[in-house]
Amino acid sequence: MGNLNLVKEMPKKLGFGCMRLPIRDGKSECIDLEQFKRMADAYLEKGFVYFDTAYPYHNEKSEEAVKKCVVERYDRDKFLLADKMPVWLVKEEKDYQPIFERQLERCGVEYFDFYLLHALDAGRVKELDATNGWAFAKRVKEEGKVRNIGFSFHDSAEVLEDILKNHPEMDFVQLQINYYDWESNNVQSRKCYEVAEKYHMPVIVMEPIKGGTLANVIGEPANLLRSLDDKASFASYAIRFAASLPNVMVVLSGMSNEEQLLDNLSYMEDFKPLSEVEKKTIEQVCEELSKLIRIECTKCRYCVEGCPMHIEIPELFGLYNLAMQFGVTDSMKGNYNWNTSRGGKASTCIKCGKCEQHCPQHLTIRELLETVAETFEK
Ligand code: SF4
Ligand code: SF4
């Protein structure tokens, strides 16, 4: 059973996500340490305490940056530190301990306040079962090297319920929650939050701005948000939406520069949950956004298996819909390139038509892929 006291004990609900720190020369591993130090100082000075890092962030340089910019500059009781076991690197039980010790060393600490099994889904749960990962997490807590154990999660509410039922030793859970995904069939933010609530689990929120997407609202959704307060940032509504949920202990924001940090601090220092009017407006924003969805793909993936060009059709359609809602941003193009580095680009479609025979939505996939290619490849 989770420990809901953690929610009450957290002084402020904004967490410093260390996965998108300021960088130099466009290189993820070249973290701008001086800027990060200034940001950490401003954050701590306002009474915020929670830093969240992980083994792979910034090509494995995030943990060391936290050591240099936070751990070596502040007493250990002045901040809380979360780190995560990269479960995908574990092949057998004996792999856990050396990875964990490397993490303590990289961060320069003797214990973690929060330690997560990173990015669990149904497949990873099986791997953890096979390698005794749960027992490892329990043991490091018993040894005092971790104060609270939990996991971050990317799967359905049903899978989450199975985990929580089988693992009452977990203290908290980290979920992807934002107003855009609240009712989505794919991410299932609301359903997952409700399962966590049922098991009295404190919730840490990741992706409250959906990877920056909700900071770039355009068109009618933007007008609606501006009508509430034309000075408030779009990101502020997304972060406050997540922080307004009662069982949320902390909302992580991956802040990449001082401007973003100052914006976040401005409304989270003296946090006020969303008002009824703000909640209603966000509902309207979601309605307006759903009207902008152009391709009614349900992500069933029946089309994918037979595609000779290995095109990730539903992923590309999902990105196209996002582009219609928020405009084509650089990060969306990056996402497109990432998705098509494993499968083919939309323009590689040879128009064999196999996919369309399997699509229960009767989508004209060949034609739609041409539009996707025009949007992302030109
Ligand atoms: S028509 Fe294009 S997308 Fe569909 S199966 Fe053939 S190559 Fe793949
Ligand atoms: S079969 Fe149709 S609805 Fe299903 S994922 Fe493919 S395009 Fe989308």
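The values are calculated or read from the model by the stated rules, or taken from the named source; none is laboratory data. Just so it is clear, the structure is predicted and the values come from calculations on it, not from any experiment. When we count neighbours, we look across all protein chains shown, and the Cβ atoms used for this are built from the backbone with ideal geometry, even at glycine. Each accessible area value is taken on the protein alone, full model and side chains, heavy atoms only, with ligands, DNA and RNA left out. Shrake-Rupley method; radii C 1.70, N 1.55, O 1.52, S 1.80 Å.
Can you report the number of residues in segment 315-356 which are at pLDDT 95 or above and either in contact with a Gly (Cβ under 8 Å, 6 or more places away or on another chain) or under 14 Å from Thr298 (Cβ atoms) (or both)? Total satisfying the criteria: 3.
Here is a yes/no grid of residues against (1) within 14 Å of ligand 1 (Cβ to nearest atom); (2) free of Cβ contacts under 8 Å to residues at least 60 places away in the same chain; (3) aromatic (Phe, Trp, Tyr):
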residue	(1), (2), (3)
Glu296	no, no, no
Tyr302	yes, yes, yes
Met309	yes, yes, no
Glu312	yes, yes, no
Leu319	no, yes, no
Leu322	no, no, no
Val328	no, yes, no
Ser331	no, no, no
Tyr336	no, yes, yes
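Looking only at residues in segment 160-183 that are of a type outside the set (A, V, I, L, M, F, W, C) and open to solvent by less than 30 Å² (accessible area, probe 1.4 Å), which one is nearest to Ala119 (Cα to Cα)? The selected residue is Gln174. All of Lys84, Lys91, Lys61, Lys67 fail the test of being in the same structural domain as Ser256 (by TED's automatic domain parsing) and either under 20 Å from Glu142 (Cα atoms) or open to solvent by less than 20 Å² (accessible area, probe 1.4 Å) (or both), apart from Lys84.
In the condition set (1) under 30 Å from Lys165 (Cβ atoms); (2) open to solvent by 50 Å² or more (accessible area, probe 1.4 Å); (3) in contact (Cβ under 8 Å) with a residue 60 or more places away in the chain, Arg20 is compliant with all but (1).
Would it be correct to say that Thr340 is away from ligand 2 (no atom under 15 Å from the Cβ) and either loosely packed, with under 14 Cβ neighbours inside 10 Å or at negative phi (or both)?
yes
Looking only at segment 283-312, filter to residues that are over 25 Å from His358 (Cα atoms) and among the charged types (D, E, K, R); which one of those is farthest from ligand 2 (Cβ to nearest atom)? Across segment 283-312, the extreme among qualifying residues is Glu283. Scanning segment 108-126 turns up one or more residues that are without any contact (Cβ under 8 Å) to a residue 12 or more places away in the chain and over 22 Å from Gly15 (Cα atoms).
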